[in-house]
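Heads up: the structure comes next, in structure tokens.
The values are calculated or read from the model by the stated rules, or taken from the named source; none is laboratory data. All figures in this text were calculated on a predicted structure; none of them were measured in a lab. Heads up, the Cβs are rebuilt from the backbone with ideal geometry, glycines too, and the neighbour counts pull from every protein chain shown. Note: areas computed on protein heavy atoms with side chains; ligands, DNA, RNA excluded. Shrake-Rupley method; radii C 1.70, N 1.55, O 1.52, S 1.80 Å.
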Amino acid sequence: MTENVNQLGNWLITGEVRWRRNRQVAAIYRGLRTILPLIVLGTFAEFINQAWLEPNGYYYQTLHVARWMLQRVRVQEAVLLLQNGTLGLAAIGLAFVISHDLVATATPVTNDQMAAGFTAVLGFELININPLTLAVGKPVQWLAMDLGLHGLPVGVLIGLLVGNVYRWIVLRWRQPANQLLRPMTLSLSGMVLMGLTGMLWLLRQPFSIRAAFNTLIRWPLQLSNDVWRLLDFSALNGWFTWLGVLGPIPTTPSQTQAQAENLAAAIQHSGWHLPHPLTVQSVIQTYASMGGPGMTLGLVLAIFLVRHNAEQRQIGWLTLIPTLGNFNAPLLLGLPVVLSPILGIPLLLAPLATILVSSGFLAAHWIPAVAYPLAVGTPGPLIGYLGTSGALTPLLLAALDLALSTAIYYPFVKWASLAQARVEEEAQAHATI
């Protein structure tokens, strides 16, 4: 298998292995694997809620769920409870695991490891309390800005900060005879410091990673609708996705207005000649986001084609259903694609390539532009077909884009598999020694 890898592949595999040897990266990856069951269960619940139980859901409309499902509202409440409970705990759990893991590499004392983890959890909680409710006689309320998938980067940052500081102190403070003294001292000091820092932070201005992401990523779309703005938008969105800022693609008022004008023109005339043929809806959401941001349905197909890694195929099967509905968080975190140097490259390239191809087809008037809004959870390859009232040419273009993205992902998936195998071999050799 190794002799079939070209020079670029060998270079990327070596870089990936070195990247995974880093203590910080290894702690993040172990944290992602630990919270993966929460992500999978929560994403399935979110997919069921939005695609099956919401009136604007694809399966709700096509299968007429309201006619045959009894107690739909009660079922939806239970699904929402499961969704918010699992995804809300994911970011907090990630902060705990990363901090715990970093300290575990410095000391075998369980009290130290747990104290570091709970200090990180406290820090995460404190930055999500509404400062306006910190008054006598008022119940404390949660802002919930960074709870859920979009709070994962915050969990990573807090876990790394607390874990590394605690680890640095542990390596320089010899273990006292009383094993409770050091964990108690460090945890109390860390919690007081976290409390003061969180209070000052929130009293100045509550902060949300997702809000900052939306503000930054929207700027290319403030100008005219053309292919270069869409490429800028896609590149920024892919970069943030690689960093772990997950969630739906944001839009702007100008994009919403352009979509409304397209819809009005399609109703009155034809979808072939819309006033704004190149928008986020008609290009990116239709042809460059099958499976979610990053064109990850092509990644799933590439996983099944490579066949070198059983674990990759297991992740592919486990995440196939939500990925078909464009909910790809379990796939991005399970492989992982997030923070992977190898898989980060096609995560950026696949959408850019499909945007260029699709924009060319639209500019040449070979296909009609999508104007009709689609239900949440619509399978990616069907968006163009349904959004143009059943035109066949968008379906053919979707197949072409899916094949193109699969071809782009294929070599990188193979190289990521080889890099993972090498990392596991090194870990086994180290454990044997």
Next item on the list: Give me the accessible area of Glu125, 1.4 Å probe, in Å² rounded to the nearest 10.
Entry: 60
Margin query: Among 273-285, 89-101, 394-406, 15-27, how do they line up by average Cβ neighbours within 10 Å per residue, starting with the highest?
Written below: 89-101, 273-285, 394-406, 15-27
Checklist line | Carbon and sulfur %, accessible surface of the stretch 224-432 computed with the full protein complex present, 1.4 Å | finding: 68
